[in-house]
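Asker: My structure is below; once you've seen it, I'll send some questions.
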Amino acid sequence: MASDLAHKADALRALHQPGRPLVLVNVWDVATARIAEDVGSKAIATTSAGIAFARGYPDGQKISREEMLEVVARICAAVSVPITADVEAGYGEEPGDTARTTDLVLESGAVGMNLEDGTGRAESPLIDAEKHSAKIRAAVAAASRRGVGIVINARTDVFLARVGAESCRLDEAVRRGRAYVDAGADCIFVPGVTDRSLIAALVERLACPVNVLAAAGSPSAAELARLGVARISLGSGPMRAAMTLFERTAREALEAGSWSSLEGITPHGAMNQRMSVSGRAT
C-alpha cells in the first residue's frame, strides 16, 4: 500500500504546474467523488466544510478528526485518482497532533492534505507562522516515515479573514507562504483573493505553486492560467450549490406543488451505475 500511496502522491504533485492549473471541484461524499472522476478530474479534493455540513456540523473543526477521515476513507476507496484531504488546521494545537492526523490521512488512502493557519477566533485569527511551519514539518516527517511524499497545500487566511490593514496583507501572505514552503509545503493556498493584480503578485513573489479559491465572479481558469496559478479549488461552493438546488426544489414542491426543478436531472439508472463498485478501488 505504501508504494501505491507514494506513486499517487508523486502523480498529484506533478499536476501542480504554474500556468497549467489543476482544477479541483471539491467533493463531500462518494457520489460526488465518482461524478468528479467520471467527468474527467485527474485528482480529487475534499471540502472539510462540505463534509461537516453533510454530517450536521458547522465549519471550523467542529467535526471530529475521526468522523472527517471516515468520510475521506470511503471516498478514497471509491475512486482511483489521487485524493487530497482538507483537514482544516490539523485537529490539534501541536505538531504531534498534526503528525497523527497525517498518519490517519495516509491510512485513509489520501496522499495530499490542506493545512490552514486560520483559527476561527476573532481575537487571534491566525496561528503564529512559525508554529504553523512546525506543524507542516511534522506532517512531512510523518509521511516520510511511511515512505510517502505527501502533498501539502498550506493555506493562509490573511485575505479570507481580512487580517490587518488591507495594504499589508500581500506582504504578510507572502511572508507566511515562504515560511510554509521552507517547512516543506508544496503549494500555497490563498483563499479570498480575486483581484488579478494581487494574484499575479502572489505568484511572482511566492515563486512556488499557488492555489486560489474560485467563486462566482472570479477570473476564469484561462485567465488564472495566464497569471501563473497552479491550482484552482472550488471549496465548499459545489456543496452549497447542491444545497441551494435542494432548497429550491423543496420550496417549489411544498409551496407551489410543482416539480420543474427536477427537469433534466441525472436519471436514476445512471446514478445507480455510478455507485457500482466494479472497476473501483476497494
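What follows is calculated from the coordinates using simple rules that are stated; it is not laboratory data. Predicted, not measured: the structure shown is a model, and the values here were computed from it. Note that we place each Cβ from the backbone using ideal geometry, even for glycine, and neighbour counts take in every protein chain shown.
Asker: Which lysines have a Cα lying under 16 Å from the Cα of K8, excluding residues fewer than 8 positions away in the same chain?
Answerer: Hits, sequence-local ones excluded: K42.
Asker: Order these peptides, 159-171, 30-42, 135-147, 76-88, by their mean beta-carbon neighbour count within 10 angstrom, highest first.
Answerer: Details: 159-171: 14.5, 30-42: 17.0, 135-147: 19.6, 76-88: 23.6.
Ranking, from highest mean packing down: 76-88, 135-147, 30-42, 159-171.
Asker: With a sphere of radius 11 Å drawn around the Cβ of S258, what net charge do the other residues whose Cβ falls strictly inside it have (Lys, Arg +1; Asp, Glu -1)?
Answerer: Result for the local shell: -2.
Asker: Select one label from (1) 33, 19, 18; (2) 30, 23, 19; (3) 37, 20, 18: the one whose number is semi-axes √(5λ) of the Cα gyration tensor in Å as derived from the coordinates shown.
Answerer: This structure yields the entry labelled (2).
Asker: As a test of the formula, what do you get for the chain when each DSSP H run with n ≥ 4 contributes -39,500 (n - 2.57) and the sum is divided by the residue count, at 222 nm and rounded to the nearest 500 deg cm²/dmol?
Answerer: Calculated at 222 nm, the ellipticity per residue is -14000 deg cm²/dmol.
Asker: Remind me, relative contact order of the range 2-237 in percent, using alpha carbon pairs under 8 angstrom and six or more residues apart?
Answerer: Once divided by the residue count of the range 2-237, the mean separation gives 24 percent.
Asker: Treating the angle as unsigned and between 0 and 90°, give the value, to the nearest 10°, between the Cα long axis of helix 237-251 and the longest Cα principal axis of the chain.
Answerer: 30 degrees
Asker: For helix 196-206, what angle does its Cα long axis make with the longest principal axis of the chain, in degrees from 0 to 90 and rounded to 10?
Answerer: For helix 196-206, the angle is close to 50 degrees.
Asker: Output the peptides 237-250, 46-59 sorted from most to least packed, where packing is the average of other Cβ atoms within 10 Å over each peptide's residues. Numbers along the way, then the final one.
Answerer: Details: 237-250: 14.0, 46-59: 20.4.
So the order, starting with the most tightly packed, is 46-59, 237-250.
Asker: On a 0 to 90° scale, report how tilted helix 129-145 is relative to the longest principal axis of the chain, with both axes built from alpha carbons and the result rounded to the nearest 10.
Answerer: Taking Cα atoms only, the helix is inclined about 70 degrees.
Asker: May I pose another question? Whole percent per 5 Å bin, from 0 to the bin with the longest distance: what is P(r) over all C-alpha pairs of the range 125-282?
Answerer: Percent of pairs per bin, in order: 1, 8, 13, 14, 14, 11, 11, 10, 9, 6, 3, 0.
Asker: For the range 159-183, list residues with backbone N below 12 Å from a point placed 7 Å from the Cα of A215 toward its Cβ?
Answerer: Only 159-162 pass the distance filter.
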